[in-house]
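The values are calculated or read from the model by the stated rules, or taken from the named source; none is laboratory data. The model shown is predicted, which means the values in this text are computed figures rather than measured ones. Don't worry about glycine lacking a Cβ; one is built from the backbone with ideal geometry, like all the others, and counts go over all protein chains shown. Each accessible area value is taken on the protein alone, full model and side chains, heavy atoms only, with ligands, DNA and RNA left out. Shrake-Rupley method; radii C 1.70, N 1.55, O 1.52, S 1.80 Å.
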Amino acid sequence: QVQLAESGGDLVQPGGSLRLSCAASGFTFSNYYMSWYRQAPGKERELVARISDSGRTTNYADSVKGRFTISRDNAKNTLYLQMNGLKPEDTAVYYCYVLGTGNDYWGQGTQVTVAS
C-alpha cells in the first residue's frame, strides 16, 4: 500500500533552515507529481510546493517563493523540501501528498516550529 513518511521537522530560530524529507513506498514514485502541504493551528491545510514527476517543473505558494525549494530523488523514492529564511509564520505541520489513482494519500506530518 502507499506509504509516505515525513521527517526532518524541528524547532528552529527565525532565519534558520531545515530540510524535510518524505520517503515514499507502495507506488511507482517516478510516475507521480508530488506536493508538500502545511497546516498551522486553527488554519486550513495549504499547498506549499509541487513538483512534476521528472522534477523539471515546480510551483510554489507566494508566501514561500524564493525561500523554499522542492526537489526529488526518483532513484531513492524520496521527496525533499529545503526551507531557508524561516519565519514564525512558517510554523505548521508539514505533509507530503500524492494524488494516486482515484485516491489522496498523505503522510503523518512533521512539525516545524520557528521561534526564538
| message | Out of 50, 38, 72, I need the residue that is in contact with a Leu (Cβ under 8 Å, 6 or more places away or on another chain) and either among the hydroxyl-bearing types (Ser, Thr, Tyr) or at pLDDT 95 or above (or both). Which one? | response | 72
| query | Would you pick out the residues in the stretch 34-61 that are touching a residue at least 40 places away in the same chain (Cβ under 8 Å), among the hydrophobic types (A, V, I, L, M, F, W, C) and closer than 14 Å to residue 82 by Cα? | reply | 36, 48
| message | Consider the stretch 28-52. How many of its residues are over 30 Å from residue 114 (Cα atoms) and either open to solvent by 40 Å² or more (accessible area, probe 1.4 Å) or of a type in the set (Gly, Ala, Ser) (or both)? | response | 4
| Looking only at the stretch 10-27, which residues are open to solvent by 80 Å² or more (accessible area, probe 1.4 Å), under 14 Å from residue 89 (Cα atoms) and in a loop (DSSP other than H, G, I, E, B)? | 13
| request: Report, by residue number, each residue of the stretch 15-33 that is closer than 22 Å to residue 86 by Cβ and of a type outside the set (Gly, Ala, Ser). | output: 18, 19, 20, 22
| request: Please specify each residue of the stretch 96-111 satisfying the condition of being part of a strand (DSSP E or B), open to solvent by 30 Å² or more (accessible area, probe 1.4 Å) and either free of Cβ contacts under 8 Å to residues at least 40 places away in the same chain or under 16 Å from residue 10 (Cβ atoms) (or both). | output: 104, 111
